[in-house]
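Throughout, read-outs are computed from the coordinates displayed, never taken from laboratory work. The model shown is predicted, which means the values in this text are computed figures rather than measured ones. Using ideal geometry, Cβ is built from the backbone for each residue, glycine included, and neighbour counts are taken over all protein chains shown.
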Amino acid sequence: MAALDDLRAVLDPTAITTDPQRMAPHLTDWRGKHRGAALALLRPRNVEEVSAILRWATATRTPVVPQGGNTGLSGGATPDASGAAVVLSLARLNKIRAVDTQGDTLIAEAGCILADVQQAAANNNRLFPLSLGSEGSCQIGGVVATNAGGINVIRYGTVRDLVLGLEYIRADGAVIHGLKPLRKDNASYALRELVIGSEGTLAIVTAATFRLFPRPRVSATALCGLDSPSAALKLLSLLKQSAGERISSFELMCDGEMGLTLDLVPGTALPLERRHSWYVFIELADSDPSGRVSELLTETLGTALEQGLLQDAAIAQSETQAKAIWHLRFAVAEANRRAGPIVSHDTSVAVADVPAFITAVEAMAADCFPEARTLFVGHVGDGNIHVVLLFPQETPRDRLGDLATVVNERVFAIIGAFGGSITAEHGIGRSLTGALTLHTQPEALELMRAVKQAFDPLGILNPGAVLARP
């Protein structure tokens, strides 16, 4: 293609792919809900080649859609159907540039797989705490671009809390060298904070400096059966009193979601004697090898049983058992994908409001969508609850889009009533651009558009994602 000739002159030949079969996996999202087309798939080897691509894109006004592991759930890494854009894969920028055990920092390039970054930290007797179901395939650039959360937010925060510095490239190809490993840096505007979570619409992240933590020497994991989300919050309060900062994870799942996982995902098994209405996944961890996390967890769950907060609990007696418990939690996304037509939401409310929010959604769904099963799973310790409406298999696919529009309106109205957020960790992508416009103060949207204009005046970076096209 003539439009790519200038790029071929400056890039490694393997960096440009126009073969339809090789491009196909990059033109649809993980859920298969968004499909697009592209002029080419670009796979640069280094920062210099990313910069060259963006200089070319600016000169030719070619849209650029950045893509990491393509595990996103909001369609933010999928090009539109026009075929005018190039997909920019950062997968070949996959080096761990540095690990500093004195300063407890790590520098990773955008294409590094999250699990490999976790392992690099572990190899240096440190912990990189970001943990999510797609950690074996999602990439660092993507988790930064979406400000990923995961199961350990209650203790360590989101990606925004873990990033100390960023290296990124503007739309015009200028490289911003911001990988300083500083805990304090108050020099002017925090541009890094704007880029984190911007989903590739402001700049292309090529590397990040992350905080590391002492590696846990002891841990304890449990799966608990309860009768309500209110009981789960009371258990969390009890656990905070006894374990404090040792709480790494506190996750909530309804029995409907558990049933799907057990039925549809091979290798899953419930370690409790019977099924319960709700489940809580707990992990305590301590870097002190003499830390009494197992005893603390056992004692606290015993107290909770006596108080009637729990109906049953299984405490892992080995690492294998702990992994089996967490496999139940991480397998939810796969179970939902296999279950049938779903409309899902990534919502957040104040932690104290979680039970009332769940009750409100259940009542709305029973009234408006009685044919659907309403499912919940999420990070109750930080108020992030994933709401899923599962419709019958026979639901016509061409009707699902209209259903999703109405479901979203009803769920987002409830979120608004609780002062919550329409997306907690998945991002806006292309799925929620209209909802963002409807549920954001106009003056705030005006500022967002001004930021976009300042970073990307030609509008070539991931157009159509986050902010609706004017």
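Ranked by the mean number of other Cβ atoms within 10 Å of their residues, highest first, the peptides 160-169, 70-79, 239-248 come out as 70-79, 160-169, 239-248. Helix 47-60 and the longest principal axis of the Cα set of the chain meet at an angle near 60°. The angle separating the long axis of helix 354-368 from the principal Cα axis of greatest extent in the chain is about 80 degrees. To the nearest 10 degrees, how steeply does helix 114-123 sit against the main Cα axis of the chain, on a 0 to 90 scale? Value to nearest ten degrees: 70.
What net charge do the residues around ASP104 carry, taking every other residue with its C-beta under 13 Å from that of ASP104, with Lys and Arg at +1 and Asp and Glu at -1? That works out to +3. Take the Cα of ALA454, step 7 Å toward its Cβ, do the same at THR268, and the gap between the two points is 4.5 nm. Counting 0.36 nm for each residue step from ASP12 to THR437 and taking away their Cα separation leaves a gain of 148.9 nm.
Here r is the Cβ-Cβ distance between ALA417 and GLU446 and R0 is 25 Å; the resulting FRET efficiency, rounded to 0.05, is 0.50.
Between rounded, prolate and oblate, where does the range 123-181 land on the alpha carbon gyration tensor, with a ≥ b ≥ c its root eigenvalues, rounded for a/c under 1.5, else prolate if a/b exceeds b/c? Write out the running numbers ahead of the final one.
Numbers: a/c = 2.06, a/b = 1.66, b/c = 1.24.
In terms of gyration-tensor shape, prolate.
Projecting the Cα positions of ILE358, PHE376, GLY429 onto the charge dipole of the range 340-430 (unit charges on Cβ atoms of Lys, Arg, Asp and Glu, taken about the Cα centre) puts GLY429 furthest along the positive direction.
Find out how many positive minus negative residues lie around LEU41, taking Lys and Arg as positive, Asp and Glu as negative, among other residues whose Cβ is under 9 Å from that of LEU41.
Once positives and negatives cancel, what remains is +1.
Modelled spin labels at ALA174 and GLN119, positioned 7 Å past Cα toward Cβ, are 3.9 nm from each other. Candidate cross-link partners of LYS95 among the aspartates and glutamates, defined by an alpha-carbon separation under 20 Å and a same-chain spacing of 8 or more, comprise ASP12, GLU48, GLU49, ASP104, GLU109, ASP116, GLU135, GLU167.
The distance separating the Cα centre of the range 300-379 from that of the range 194-268 comes to 11 Å.
Which of the pairs LYS33/LYS180; LYS240/LYS323; LYS180/LYS452 have their Cα atoms more than 29 Å apart in this structure? Cα-Cα > 29 Å for LYS33/LYS180; rest within.
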